[in-house]
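The values are calculated or read from the model by the stated rules, or taken from the named source; none is laboratory data. Source: prediction; values computed, not measured. Every residue, glycine as well, gets a Cβ built from its backbone with ideal geometry; the counts of neighbours run over all protein chains shown. All accessible areas refer to the heavy atoms of the entire protein, side chains included, with ligands and DNA or RNA removed. Shrake-Rupley method; radii C 1.70, N 1.55, O 1.52, S 1.80 Å.
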2 protein chains.
Amino acid sequence: MTDEDEVLAANAAFYSAFAESDAKAMDVVWARRAPVACVHPGWEALVGRDRVMESWRRILRGGGSSPITCSSAVAHLLGEAAFVTCLERLPGATLIATNFFVREDGRFRMVHHHAGPAARPEAAPAPPRTEIN
Amino acid sequence: MTDEDEVLAANAAFYSAFAESDAKAMDVVWARRAPVACVHPGWEALVGRDRVMESWRRILRGGGSSPITCSSAVAHLLGEAAFVTCLERLPGATLIATNFFVREDGRFRMVHHHAGPAARPEAAPAPPRTEIN
C-alpha cells in the first residue's frame, strides 16, 4: 500500500466512523500523542485530544447511521505528515473539509479536522469564479 | 526562537502579506517543493502551487491594504510540520482558519490554508454549544 493509499484509507476510516456513529472507531482514527485540534462547522477551534474526543462522543451519541458521505478526496503527502481535502455531503448541505494526519506507530492518524460550508459567505475574500471553474 | 515562535511568525507573515496586498511577500510564505493547496472561504480546494498562487495574485491585485486581522492564533507542533488555528476578522465577518506549515530549507512555509465562516450553518453537524463555552 502506498503512502497515498494509507492516507486515503485513514480518511475513509474517519468518515466510516462518522457515518456509523461509532465512537470507538472514531477514537482509533485520532492520534494518541501528537497534538490534536478540530474545527466543527462554524465553531471555534477545539484544542486537545480530550475536548476533541468529547465533542465527537456528543455528536455520535445519537447512534444509528449518519447520512454523511465523503467525495473528491485528494491526498497531499508531506513525508511523515499528510493532509486530505474533500467534500462532505449531507442532506441539504455540502461541506468542504481538510483532514490532517501524522504517522504515529506506523500508521497515519488524524491530528486535525476542519469542515465548513462549501458556499461563499458575503464579505469573505475569494478568487473570481473563473479561477476555479 | 522556539519552533512555536517560528510557526507563529510564519503565520503572521501570511496575514501581513494579505493585509498589505503584497503578492511577492505572499509568494515567499508558501512552500516551494512541498505540495500545496488552499480552500478560500466556501470554494472548492485549489490544488498545486500554480493555482494557489494565481488565486492569491488575483485576490491581492487590487493593491492597497486589506482590513484583515488575525487573532487567537494557536500553534500545534508536529516535528517538521505544524498547523495554526486562528480567527480572521474582516469588516462584517469573522472567519476561522487553519494554516498548515512544513519546514523547508530551515524555515516553516505554508502548504495549506483553509478559511471559512465562524458562524454555524444549518444542517451541519456540530457539538452542543455547552461543549465550547
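Can you find a residue in segment B:114-131 that is part of a loop (DSSP other than H, G, I, E, B), among the polar types (S, T, N, Q) and at pLDDT below 90? No, segment B:114-131 contains no residue that is part of a loop (DSSP other than H, G, I, E, B), among the polar types (S, T, N, Q) and at pLDDT below 90. Count of segment A:66-85 residues, restricted to those that are open to solvent by less than 40 Å² (accessible area, probe 1.4 Å) and either over 15 Å from A:A115 (Cβ atoms) or at the interface with chain B (Cβ under 8 Å from one of its Cβ atoms) (or both), is 9.
Among the residues of segment A:36-46, those identified as out of contact with any helix residue (DSSP H, G or I) (no Cβ under 8 Å at 6 or more places or on another chain) and either open to solvent by less than 10 Å² (accessible area, probe 1.4 Å) or touching a residue at least 12 places away in the same chain (Cβ under 8 Å) (or both) are A:V39, A:P41, A:G42.
When segment A:86-112 is limited to residues that are more than 7 Å from chain B (Cβ to nearest Cβ) and hydrophobic (A, V, I, L, M, F, W, C), the one that is most open to solvent (accessible area, probe 1.4 Å) turns out to be A:L87.
Answer yes or no: is there a residue in segment B:16-25 that is without any contact (Cβ under 8 Å) to a residue 12 or more places away in the chain, touching a helix residue (DSSP H, G or I) at 6+ places or on another chain (Cβ under 6 Å) and of a type outside the set (F, W, Y). The answer is no, given that none of the residues of segment B:16-25 is without any contact (Cβ under 8 Å) to a residue 12 or more places away in the chain, touching a helix residue (DSSP H, G or I) at 6+ places or on another chain (Cβ under 6 Å) and of a type outside the set (F, W, Y).
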